[in-house]
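The values are calculated or read from the model by the stated rules, or taken from the named source; none is laboratory data. As the structure is a prediction and not an experimental result, all values here were calculated from the model. Positions of Cβ are backbone-derived with ideal geometry, glycine not excepted, and every protein chain shown enters the neighbour counts. Heads up: the accessible areas ignore ligands, DNA and RNA and are worked out on the full protein's heavy atoms, side chains in. Shrake-Rupley method; radii C 1.70, N 1.55, O 1.52, S 1.80 Å.
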Amino acid sequence: MEDNKKDANLEQSMQELEQVMEALNRPEISLEESFAFYKKGMDLLLACNRAIDKVEKELMILEENGVGE
């Protein structure tokens, strides 16, 4: 059940990151707004990277323990 929650959080963060990218590409965005979106995007990117790193480590542990062979 917790894995589904992690997947949902990662997927949600990636969707939010996509929305931030779309917002940053709008021509009418102000400089102040673009800084705020940039910061939010960087925070989301870091969260996504941490989640992906955690999954990669879990997979490496499983492979080392011979799970899935």
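Check whether at least one residue in the range 1-18 is assigned to a loop (DSSP other than H, G, I, E, B), open to solvent by 80 Å² or more (accessible area, probe 1.4 Å), among the aliphatic types (A, V, I, L, M) and modelled with pLDDT under 95, and report yes or no. Among the residues of the range 1-18, at least one is assigned to a loop (DSSP other than H, G, I, E, B), open to solvent by 80 Å² or more (accessible area, probe 1.4 Å), among the aliphatic types (A, V, I, L, M) and modelled with pLDDT under 95, which makes the answer yes. Taking each residue of the range 29-45 that is farther than 21 Å from Q12 by Cα and looking for partners that are surrounded by 14 or more Cβ atoms within 10 Å (Cβ to Cβ) and among the aromatic types (F, W, Y) with beta-carbon atoms closer than 8 Å, six or more apart or interchain, yields I29/F37. Here E56 fulfils each of the conditions (1) among the acidic types (D, E); (2) loosely packed, with under 12 Cβ neighbours inside 10 Å; (3) modelled with pLDDT of 95 or more apart from (3).
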